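Below is one structure; the comments refer to it alone.
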Amino acid sequence: MQTSSVPSLLLLLLLSLSSNFLKVALSDDGGGLFCSAPSVIKTETAASSSSKPRYWKVTNPTLSPSHLQDLPGFTRSVYKRDHALITPESHVYSPLQEWTNTLGAYLITPAMGSHFVMYLAKMQENSKSGLPPNDVERFLFVVQGSATLINASGANHQMTASTDSYAYLAPNFKHSLECDASATLVVFERRYSPLENHVTEQIIGSTDQQPLLETPGEVFELRKLLPPSLPYDFNIHIMDFQPGEFLNVKEVHYNQHGLLLLEGQGIYRLADSWYPVQSGDAIWMAPFVPQWYAALGKTRTRYLLYKDVNRNPL
């Protein structure tokens with residue numbers, strides 16, 4: 001009789017534990033469990049309705065669920081042969097060579113297998129950029145604050161995050177970027193691949209000034225920040241997805257990509273892996289890696305995408 005009662009006692013104990021678990025999981029704060037996602041959504045909604053600067057989450061990232069920030073050793077960053085996901089908790093900042101009062105975090109470099117560099121530059125008070133190496137072209141995009149771009153003749157242009165400012169600087173073009181307060185930029189650099197009788201020029205622009213382009217078979221909105229012409233050996237795309245929208249084509253191509261998620265969240269497929277991504281995440285995609293994206297959440301996704309173009313792969 002005593003022996004047969006043991007399974008009954010165990011069953012009662014399991015039922016009791018299950019009941020308590022559900023009560024905690026369904027509580028308002030989630031009791032620190034993964035089921036606390038609803039509280040994260042409330043925070044996201046409140047933040048999006050406040051007067052935060054554009055792209056503020058790139059420089060003030062959060063983890064979801066938020067309590068994972070305190071989990072020792074946790075990171076969403078992944079590095080593989082044909083792709084990498086570099087998330088904000090993995091960033092390592094150090095002084096940028098030739099820049100003054102500026103810290104940089106390299107997100108993509110040739111050490112991965114890329115033929116370009118992508119990094120974040122955090123400019124502090126009274127900071128100034130350095131020049132890239134000879135024959136290296138540079139693209140700047142402001143994600144926080146403002147800075148002044150000055151060329152060799154003394155002409156200056158104010159670049160701000162509020163106006164989605166960006167600049168393309170041709171190889172060996174003398175310039176400096178100066179900041180009186182603070183600014184954060186994403187910077188792309190690559191050694192220029194020239195074509196005979198084709199020359200690039202300095203470009204200063206704003207995302208909102210660029211027209212929406214046709215995307216046959218797709219639903220996302222596309223803007224190109226550089227001219228799609230032969231002198232330019234890469235382009236920078238701004239791609240916008242509304243919640244629930246996704247890429248129709250499961251892309252596999254010879255082009256490389258470097259991506260920074262400026263707004264929103266979603267799921268990115270890279271090769272045979274599926275990654276939850278959000279504002280502040282950076283992605284490197286090698287040639288021919290399968291890639292696909294779907295936007296989730298309640299706000300749009302916007303990402304900045306590097307793509308090498310206009311050159312014969314031979």
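The values are calculated or read from the model by the stated rules, or taken from the named source; none is laboratory data. Please read all numbers here as calculations on a predicted model, not as lab measurements. Counting neighbours? That spans all protein chains shown, and the Cβs are built from the backbone with ideal geometry, glycine included. For the accessible areas, the whole protein counts, side chains as well, though only heavy atoms, and no ligand, DNA or RNA atoms are used. Shrake-Rupley method; radii C 1.70, N 1.55, O 1.52, S 1.80 Å.
For the reader, a short list of remarks on this structure follows.
- Condition check for Ser127: of a type outside the set (Phe, Trp, Tyr), modelled with pLDDT of 95 or more and farther than 30 Å from Ser193 by Cβ: yes
- Scanning the range 78-103 for residues that are closer than 20 Å to Phe234 by Cβ, open to solvent by less than 10 Å² (accessible area, probe 1.4 Å) and not aliphatic (A, V, I, L, M) returns a single hit, His83.
- Single unsatisfied condition, Pro243 versus (1) touching a Leu at 6+ places or on another chain (Cβ under 7 Å); (2) free of Cβ contacts under 8 Å to residues at least 24 places away in the same chain: (2)
- Picking from residues in the range 152-161 that are touching a residue at least 12 places away in the same chain (Cβ under 8 Å) and of a type in the set (A, V, I, L, M, F, W, C), the one that is surrounded by the most Cβ atoms within 10 Å (Cβ to Cβ) is Met159.
- Within the range 114-124, being over 17 Å from Leu185 (Cβ atoms) and either at pLDDT below 95 or open to solvent by less than 30 Å² (accessible area, probe 1.4 Å) (or both) holds for one residue alone: Ser114.
- Segments classed as strands (runs of 3 or more DSSP E), wholly inside the range 100-186, with at least 1 members that are within 22 Å of Lys52 (Cβ to Cβ) and not hydrophobic (A, V, I, L, M, F, W, C): 117-128, 136-151, 156-160, 165-169
- Index of the failed condition, Arg190 passing every other in (1) open to solvent by 20 Å² or more (accessible area, probe 1.4 Å); (2) closer than 26 Å to Arg54 by Cβ; (3) part of a strand (DSSP E or B): (2)
- Residues that are at positive phi and at pLDDT 80 or above were ranked within the range 30-77; the one that is least open to solvent (accessible area, probe 1.4 Å) is Tyr55.
- Meets criteria (within 19 Å of His257 (Cβ to Cβ) and at pLDDT 95 or above) for Phe173: no
- For the range 225-241, the set of residues classified as surrounded by fewer than 17 Cβ atoms within 10 Å (Cβ to Cβ) and touching a strand residue (DSSP E or B) at 6+ places or on another chain (Cβ under 7 Å) consists of Pro228 only.
- Residue count for the range 195-210 under the criterion of being in a strand (DSSP E or B) and of a type in the set (S, T, N, Q): the result is 1.
- Selected residue [open to solvent by less than 30 Å² (accessible area, probe 1.4 Å), over 18 Å from the mean Cα position of the chain (by Cα) and hydrophobic (A, V, I, L, M, F, W, C)] from Leu140, Leu149: Leu149
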